[in-house]
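The structure under discussion appears below in the form of structure tokens.
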Amino acid sequence: MTARDVVLARVRRALRDVPPEETPADVEVVRSGPSTAPLTPGHVELFAERVAQYRARVVRCVPDDLVATLVPLLEDVSTLLVPFDLPRGLRPAGPRHIEDRQLPTGELDAVDGVLTTARLGIVETGTIVLDHGPGQGRRAATLVPDIHVCVLWADQLVAGVPEAIVNLDPTRPHTWISGPSATSDIELERVEGVHGPRTLRVVLVG
Amino acid sequence: MSATFVGMPTFPVAAGTALADSQLRRNLAHATSTIRTKRAEVVREVDAWEQLRVAGATLKDRTLRHLDVYLEQLETALTAAGATVHWARDADEANRIVVDIARLHGTDEVVKVKSMTTAEIGLNDALEAAGIHAWETDLAELIVQLGDDLPSHILVPAIHRNRAEIREIFLREMERVGRPAPADLTDAPLELAAAARDHLREKFLRARVAVSGANFAVAETGTLAVVESEGNGRMCLTLPEVLISIVGIEKLLPTWADLDVFLQTLPRSSTGERMNPYTSLWSGVTPGDGPQQVHVVLLDNGRTDVLADTVGRQALRCIRCSACLNICPVYERTGGHSYGSVYPGPIGAILNPMMRGVGQDAQLDALPYASSLCGACFDVCPVRIDIPEVLVHLRTKVVDAHRGRRPTPQDLVMRAASWTLASSARTARSTRLAGLAARVLSRRGLRSAPGGRRVLGALPRPAAGWSGARDVPLPPAESFRSWWSRAGRDAR
Ligand code: SF4
């Protein structure tokens, strides 16, 4: 018998009390589905507030001002990483750009900032979700550099976690980001920044 | 370390030592009360909290009652996503699988993201024995590892260390295993965190193999989830070429949509945040992004024994949030080390004896008694595990396992007590005797409990075992009965 056979046999033996005709659906689970109510301007406001509560910087702007808004947010970045498929219109003049085409990890570590878009934002928790599709970079790109500037459009917001989950594609990898990297491991004092970006700046468009 | 810390004294003995450590008690009280308050605030924000608890409990029950089906489904989904699935009956088998994979890739080091499961199976020791260094990358785990210490809390394993101690450990130990701490390091948490960042960065960039656990495993999609704060998890899950995730078979969820319940309840119950800084979700291999060789080890190691216990099965719902630790009056005072296991607190008190079996080990058999059955753990548990119910159930099992052996002094005392209390005349006589005894005893053998209460010292045999774990208050010189018959009538 393989380990697989043994473990599965143990599981079946342990579950002898479960009637053979019972199906998973017979175990009733009561839960409310995701809400379909449209978001209001108040939601956008709340999202900005909640992101800021994690000590991330949030800047709001109208679409026409986006590039101008980005300039001061990238002031302290000397080398900026951009996903190779970041839309042209999103690349501000200013810091030196490097396009990420599978940059070796060592070189990634020498870059100090990264600019990406996101898949969606969750109002209730102030969370940004990346599914690492176009404009969002591979997972390491938003992890190794110390400053992450992330552009999100107001129509990408969803109300809560259930609404986020139904909108995401499970075949993609996801990174959920709620503020900069943090730890409270030393005497429970919250400190921003251990391994992920120590600075998170969010531009909320529209 | 194995599932219980080797050579660990039983709970009552270890608790006695912990209680005397006032630094530990202060740190613990501060930690547990701070997290408790934060949790209460963010839980209050959620109107449907109780529904989420019920949904979480029933989703886990659905999974557990049909676990064989979901395990096979998970295996199929993971394999389709490019992962290699391994099965491990016990700790040794899981450790061997990890060692073999590391050897296959010719590496002498792995980076690790904090995982209770790998602590449970003693993976670090197994790797060291095979000549492979296992680098813990969670800040608290790093502190524990560098300090050659044991974790004391699921969530904040180094809560028993203060900043000055951490600074000392970093200055002394970092240079032995890699990049040294800066010589001018102060004990400011920000600086200590920065030292850890620099120390570990070279390891993240260099390591070819990473080991993780998983908070959830979705059967339908093969998705694994790692919920964390620092970004060390993301480093491990993303930078190395090879990723090995060790997943206890109780971590499964049926569908992707089910994640929403737990991604709401876990962060709020655990760190008291609306959401933790980072959550990673992935399924197998993503071409061009992250590890291109992904292994998943499905681990039993006693879990099927818990599953077979129809009362105790609910313990497998546990999502390791640590809310029950933070609310527990026993844990708050004795700390995690007293439980002698990587699973401390109320959940540890039921999980450890069930995973390892009762009636063989005094250390494990003592755990179901490490509770006042106040029920606070059930109230905070996001998956509604009725811990007091399981504790009582296990006490019965412990007693049953010892039945037929020579009666212990405790058995004899209980028998005598039930004979005495069955008659009011006998009760009255015995309280008068106790008062008399108190007057005699107050002249000798007294000591002070924490807080200055006068208590009896160790009682002579055969009561020594009982008084060893309890402070015996000095009996009152006069019983209530005799006070009432003397003064009560006048008061009327
Ligand atoms: S038993 Fe419940 S409260 Fe305790 S750690 Fe597990 S899930 Fe959290």
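The values are calculated or read from the model by the stated rules, or taken from the named source; none is laboratory data. Since the model is a prediction, treat every value here as computed from it, not as a measurement. Neighbour counts run over all protein chains shown; Cβ positions are idealised from the backbone, glycine included. For the accessible areas, the whole protein counts, side chains as well, though only heavy atoms, and no ligand, DNA or RNA atoms are used. Shrake-Rupley method; radii C 1.70, N 1.55, O 1.52, S 1.80 Å.
Of the helices (runs of 4 or more DSSP H) contained entirely in the range B:338-383, those carrying at least 3 residues that are within 20 Å of B:Asp305 (Cβ to Cβ) and in contact with a Phe, Trp or Tyr (Cβ under 8 Å, 6 or more places away or on another chain) fall at B:345-356.
The conditions of being open to solvent by less than 10 Å² (accessible area, probe 1.4 Å) and in a loop (DSSP other than H, G, I, E, B) are met by B:Pro157. Just one of (1) out of contact with any Phe, Trp or Tyr (no Cβ under 6 Å at 6 or more places or on another chain); (2) at pLDDT 80 or above fails for B:Thr408. It is (2). Within the range A:21-53, the residues that satisfy the criterion of being open to solvent by 70 Å² or more (accessible area, probe 1.4 Å) and under 16 Å from B:Arg62 (Cβ atoms) are A:Glu21, A:Ala25, A:Asp26, A:Glu28, A:Val30, A:Arg31.
Across the range B:296-351, the number of residues qualifying as touching a residue at least 24 places away in the same chain (Cβ under 8 Å) and either in contact with a strand residue (DSSP E or B) (Cβ under 9 Å, 6 or more places away or on another chain) or within 12 Å of chain A (Cβ to nearest Cβ) (or both) comes to 24.
In this entry, B:Tyr331 is excluded by the filter for residues that are among the aromatic types (Phe, Trp, Tyr) and within 10 Å of the ligand (Cβ to nearest atom).
Of the residues making up the range B:178-210, those that are over 25 Å from A:Pro145 (Cβ atoms) and either crowded, with 22+ Cβ neighbours inside 10 Å or touching a Lys or Arg at 6+ places or on another chain (Cβ under 9 Å) (or both) are B:Thr186, B:Asp187.
Per the conditions (1) within 14 Å of another protein chain (Cβ to nearest Cβ); (2) open to solvent by 10 Å² or more (accessible area, probe 1.4 Å); (3) more than 13 Å from the ligand (Cβ to nearest atom), the sole criterion not satisfied by B:Arg384 is (3).
For the range A:167-179, residues that are in contact (Cβ under 8 Å) with a residue 12 or more places away in the chain and facing chain B (nearest Cβ under 7 Å) total 7.
Between B:Thr79, B:Thr137, B:Thr117, B:Thr84, the distinction of being buried (at least 20 other Cβ atoms within 10 Å of the Cβ), among the hydroxyl-bearing types (Ser, Thr, Tyr) and more than 16 Å from the ligand (Cβ to nearest atom) belongs to B:Thr137 only. Scoring A:Leu157 on the criteria (1) within 12 Å of chain B (Cβ to nearest Cβ); (2) over 17 Å from A:Gly196 (Cα atoms); (3) surrounded by 16 or more Cβ atoms within 10 Å (Cβ to Cβ); (4) in contact with a Phe, Trp or Tyr (Cβ under 9 Å, 6 or more places away or on another chain) leaves a single failure, condition (1). Would you check if there is a residue in the range B:62-73 being away from chain A (no Cβ under 12 Å) and surrounded by fewer than 17 Cβ atoms within 10 Å (Cβ to Cβ)? No, the conditions are met nowhere in the range B:62-73. For the range B:274-294, filtering for residues that are touching a residue at least 24 places away in the same chain (Cβ under 8 Å), open to solvent by 20 Å² or more (accessible area, probe 1.4 Å) and over 25 Å from the mean Cα position of the chain (by Cα) leaves 4. Here B:Arg96 fulfils each of the conditions (1) part of a helix (DSSP H, G or I); (2) surrounded by 18 or more Cβ atoms within 10 Å (Cβ to Cβ) apart from (2). Residues in the range A:56-107 that are among the acidic types (Asp, Glu), surrounded by fewer than 18 Cβ atoms within 10 Å (Cβ to Cβ) and under 16 Å from A:Pro134 (Cα atoms): A:Asp85, A:Glu99. State whether one or more residues within the range B:315-328 are open to solvent by 10 Å² or more (accessible area, probe 1.4 Å), among the aliphatic types (A, V, I, L, M) and away from the ligand (no atom under 16 Å from the Cβ). No: zero hits. Selection of the range A:177-206 for residues being crowded, with 24+ Cβ neighbours inside 10 Å, within 19 Å of A:Pro145 (Cβ to Cβ) and hydrophobic (A, V, I, L, M, F, W, C) yields A:Ile177, A:Ala182, A:Val194, A:Leu200, A:Val202.
Checked against (1) at pLDDT 95 or above; (2) crowded, with 23+ Cβ neighbours inside 10 Å, B:Thr271 passes all but condition (1). Here the strands (runs of 3 or more DSSP E) wholly within the range B:181-261 that include at least 1 residues being touching a strand residue (DSSP E or B) at 6+ places or on another chain (Cβ under 8 Å), hydroxyl-bearing (Ser, Thr, Tyr) and modelled with pLDDT of 95 or more are B:209-212, B:223-228, B:242-248.
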